[in-house]
There are 2 protein chains.
Amino acid sequence: MRRGIATVCLSGTLEEKLAAAAHAGFDGVELFEPDLIGSRLSPREIRLRAAELDLAIDLYQPFRDFEGVQPGRLEGNLRRAEAKFEVMQELGATLMLVCSNVSSDAIDDDALAAEQLHALAGRAAEHGIRIAYEALAWGRHVNEYDHSWRIVRQADHPALGVCLDSFHILSRGTGLDAIDEIPADKLFFLQLADAPHLVMDVLQWSRHYRCFPGQGGFDLAGFTSRVLSAGYAGPLSLEVFNDVFRQADPTRMAVDAKRSLLILEEAMQAPSARRLPPPPDLHGYAFLELAVEPTSVGQTQRLLNAMGLTPAAQHRTKPVTLWRQRDVRVLLNAAAPTPPGVAAIAVESSDPARSSERAEGLLAPVLARQRGPGEADLSAIAAPDGTSVFFCRTDVDERVSAGHWLEDFEALAPGGGPFTGLDRIDHIALAQPFDYFDEAVLFYRSVLGLEPLESLELSAPSGLVRSRAVTNQSGSLRLALNVPLLAHDTAQPAGLQHVAFECADILAVGEQLRARGLVPLAIPENYYEDLAARSDLDPGLLSAMRELGVLYDTDHAGGEFLHLYTQTIGDRLFFELVERRGGYGGYGAANAPVRMAAQRAVAEAGVGAGALSG
Amino acid sequence: MRRGIATVCLSGTLEEKLAAAAHAGFDGVELFEPDLIGSRLSPREIRLRAAELDLAIDLYQPFRDFEGVQPGRLEGNLRRAEAKFEVMQELGATLMLVCSNVSSDAIDDDALAAEQLHALAGRAAEHGIRIAYEALAWGRHVNEYDHSWRIVRQADHPALGVCLDSFHILSRGTGLDAIDEIPADKLFFLQLADAPHLVMDVLQWSRHYRCFPGQGGFDLAGFTSRVLSAGYAGPLSLEVFNDVFRQADPTRMAVDAKRSLLILEEAMQAPSARRLPPPPDLHGYAFLELAVEPTSVGQTQRLLNAMGLTPAAQHRTKPVTLWRQRDVRVLLNAAAPTPPGVAAIAVESSDPARSSERAEGLLAPVLARQRGPGEADLSAIAAPDGTSVFFCRTDVDERVSAGHWLEDFEALAPGGGPFTGLDRIDHIALAQPFDYFDEAVLFYRSVLGLEPLESLELSAPSGLVRSRAVTNQSGSLRLALNVPLLAHDTAQPAGLQHVAFECADILAVGEQLRARGLVPLAIPENYYEDLAARSDLDPGLLSAMRELGVLYDTDHAGGEFLHLYTQTIGDRLFFELVERRGGYGGYGAANAPVRMAAQRAVAEAGVGAGALSG
């Protein structure tokens, strides 16, 4: 199955777009006319450049407002088309996209449109060119694909067929049954785009919010399967207009685009996807690695100690200490040049090799590792925000088996501290770079097989934050991805990250941690006044929560969430302690504004360093 | 007339919001409940803080989903309200906003709603509190203000009245006649917000795209006048949810907000606006000042020379040279620490003192000037992007009159170069900071009395650019304001600026400038191929345009625009030469993508320094 991408999906000059598409391994491109017009390369030079890059020019697009015009204007339109046919011949492009007329003076007459398209196809055929007619969702009279097909059928010219575009069809909720009625040899082209469900003018929706398959809310697999069943044999070609993608790095975006087609093909069980191994079962975090600049090491160690983790082992060759409490493992890397942050996450995979193979098959950047002699071969990939992702398998009894990652560590004094009740890492929240949020969601969805939940908007003192969680079926592996809803045009701090530990009884555990010196983030008294007003919580419970800075949320199914935060170290990293009751599956989003306001107040007061009382 | 602002309009902690509102001179605030809940200040402390700042708490908001519930749920809702009444008493707030119920289980029964609101008002009255009931545009059953008024009338309690919100009413296009039917003593509160005309879900529109009066497309003056005529005597209070405003500097935003009310009052001819002098007639640019770092001076001088400007005078005390050609005057300030850019614009005002007075009255930042003995007293204000704006009056015969700005310059050798045909400065295009684009539009609209044209989106290789022109009636003063549609979260270059000169015959003038050494920005051959295909331009004209890099645009009225660009100096500044035919009033936006692609190609090729052939 050939794969294509429209040049409009990507930023940069036409040369940069072509290079990015080729680098990601696309077979062809749709050449978006404004990209040609703005290019210093002649059509012939573009043809050569594409050929050098092994890219076909699958489609020349768009040609507008052609059909359904007053007969007196037909000849002018044909002349306009002839000029483009000449350009296409120099480009070596043989398929032109004609969009349904959007002009207010277009005539609502299928026979007239068919007759004029017939004439166009005749002229095209003389140049060895074919015409793919597409119903725009906002076409003046023709805005459904079955209508465009009726006109094509009526026109009855071998050089005339239809172009189907998933956005134009799925945005209107048009039924898909009529696809089967279109003969395979009239299915000239297929354009794919996903989009989030939005209630807005369809033109604006289309021009600004399209995204790659798997990033939005449309059933692209179902749609594409229908078109393939009908016999379509051309490329799967992405045509996405997205405000963010068109300002982002085109090389990254092209890889993201390609990845979206790979998992679309997998979802359709296409033969082309057979080489991609399915995602192995993932079950929780094997460890996470905090990278901390030397000046923050002491503070981080004191906070880990207050949480009840103890130094258990030292890496044989690196300045990395393993802190743990039972199965909660945190590597502290004290050689980082940056403020404290999550440098790596390691997920427990039932088959680490297969996880890595899948990641590579999905074009995840594989990280070169500095591996000492005899050290475990942990392959890692880079997530879109730069966090390293390891796949590993920590045997239950942690016996020393060949290649086990724990082998790389030398145990420190045995014993360790008391059990303070941290059962597991509940979730990790990572701030994402603004231009690559959709890429990140698709990355975790495809590479790790996690499911994205609904996108939320949280109000912070510095603006709105978009938050989207990705999680596996069992809930044992959860990530929250956060990004400002809008960026500024000045350099911004990297954004907060945090690690949440789950416990069974937050009040008991919180007490214990406080006894160990933990000072939780101070939650405003006003929060508890409001909570008392809007809930039926027992006053004793409320009072205990207030004492410890515990926040509270419920879900529609009656699940409850109690959680507290530590203060922030290094302006970037903090911890959370959570208790989930009754199957609560969220992350306390309702409380995020209060948490962010409290963090801002601490930062304003300049007491950020006081995460510990001792 | 008292003026207020809702805390939700502004970014920061509640303390910061209050300080910003007070600094801008607001009389009161609407306290948005989440701002209270996230605050470390107790209600009593907030009351004190507000009192210190001389701010009233005009409204406590919002209280949700109260009315039209099953009778069994009333008592719980009243208890929830009682808790808030206690908070309000501590705050010293006596008016609570109750929004119409949006819950899916709200009951569609006006009598029930009225009865329950009556009960609420009764409880409120016991605390000296009144209730303002507001129809949200997306209320489940009550979503029109006249409906909310019928319910309030039916409830018939002295402590119950209506809150009118311009967004909820104007977004739905509700007729305004029913406002007159509401007795003055039932008009408890008025919330003002403007918004651009968008076709989208009204809730999303309201939550993300509201703006201050004068920044959107609603007739706020007409609406507000109706409410005042009906006898409303409370504050004009702004309630704006805007993604950009809530991440921007709150002090700036509060000033912007205040400015929006000042011109709203002026538009309504309110008594409070009498002290604001009307905008004097402006007619063109007296001069503009380019600030250039020492290493770019030579290149800038060569480019000015190629354009046909000549050094005419030297400032008596500063390293500033006046370059001119007849009435086109460019000051070259060679002492700037920054890359070349527009540092100041000076507009010809029929009354510079009154222009300054108006600017000050509209809270424009007045710039302190270093004025030498005997130098003209040019008062300047700072535009939102940092450009200085001067008001001056250049007498027609330039005779030396007291305080004339030209007096500060000492003439160089008389004569000057030949007239190359630059008639005037046509427009100046300035890149705006992302967070302050709406502020900039309102600034020029209010302070200079310019009219904003429609906002356009232009496609650049690095993403979409929003462009909005502001111009005076005669077209003698035009500015184009540009901003990326989205920012990145990394530091971005300052953005391009350019100065356009008008001429009567661009082909002749362009030839002449080329003979003087000007190398225009190279426009792709593909542009002319496309232009030939889609227009009926004479081949001779086309060929001449191609030779000189002249671009072409038309408007609906048959006006024509021919223009060419110079190359860019210092990655920031370039010039444009334009010819307007037949009353063309635009800026060649259709050609902006080609221009930006050509500029990117030059930058990529690293030949940006070659603006001149010689």
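Nothing in this text is a laboratory measurement; each read-out follows from the coordinates by a stated rule. A quick note: this is a predicted structure, and the numbers were derived from the prediction, not measured. Virtual Cβ from ideal backbone geometry, glycine too; neighbours counted across all protein chains shown.
At-a-glance table
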read-out: Estimated 222 nm signal from helices in the protein assembly as shown, with DSSP H stretches of n ≥ 4 weighted -39500 (n - 2.57), rounded to 500; value: -9500 deg cm²/dmol
read-out: Tilt relative to chain A, helix A:14-23 - C-alpha long axis, 0 to 90 degrees, to 10; value: 60 degrees
read-out: Share antiparallel - DSSP beta bridges, the protein assembly as shown, percent rounded to 5; value: 55 percent
read-out: Chain B: angle of helix B:71-91 to the longest principal axis, Cα-based, in degrees nearest 10; value: 60 degrees
read-out: Loop-resident sites, the range A:140-245, for trypsin sites (Lys or Arg not before Pro), counting at most 16 other Cβ within 10 Å (DSSP); value: A:ARG172
read-out: Rounded tilt (10° steps) of B:110-126 against the dominant C-alpha axis of chain B; value: 90 degrees
read-out: Per residue Cα convex hull volume in Å³ - calculated over chain A; value: 172 Å³
read-out: Inter-chain Cβ neighbour average for residues B:474-485, partner chain, 10 Å; value: 1
read-out: Sites A:GLU126 and A:ASP180 - FRET efficiency at Förster radius 35 Å, r taken between beta-carbons, to 0.05; value: 0.60
read-out: Sites B:ALA83 and A:GLU511, calculated FRET efficiency, Cβ-Cβ separation with R0 22 Å, nearest 0.05; value: 0.20
read-out: Exercise: per-residue mean of other protein chain Cβ atoms within 10 Å, B:592-605; value: 3
read-out: Nearest-0.05 FRET efficiency for A:GLN314 and B:GLU90, computed from C-beta distance (R0 51 Å); value: 0.40
read-out: Within the range B:253-276: backbone nitrogen closer than 16 Å to the A:THR490 label point (7 Å, Cα to C-beta); value: B:253-254
read-out: Residues of type lysines that B:LYS17 reaches as a straight line, Cα spacing below 30 Å, ignoring anything fewer than 8 places off in the same chain; value: B:LYS84, B:LYS186, B:LYS258
read-out: Contour minus Cα-Cα distance for A:GLU293 and A:PHE419 (0.36 nm per residue); value: 42.5 nm
read-out: Burial ranking of peptide ranges A:117-129, A:159-171 (average Cβ count within 10 Å, highest at the top); value: A:159-171, A:117-129
read-out: Simple label model, 7 Å out from Cα along Cβ direction - B:LEU541 to A:ASP281, nm; value: 7.5 nm
read-out: Reachable aspartates and glutamates from A:LYS318, criterion Cα separation under 17 angstrom, eight or more residues apart if same chain; value: A:GLU289, A:GLU293, A:GLU375, A:ASP377, A:GLU407, A:ASP408, A:GLU410
read-out: Size descriptor, Kirkwood hydrodynamic radius, that averages inverse alpha-carbon separations across the protein assembly as shown, Å; value: 33.7 Å
read-out: Cα-based convex hull volume of the range B:3-273 per residue, rounded to whole Å³; value: 115 Å³
read-out: Per-residue mean of C-beta atoms belonging to partner chains within 10 Å, peptide B:525-534; value: 6
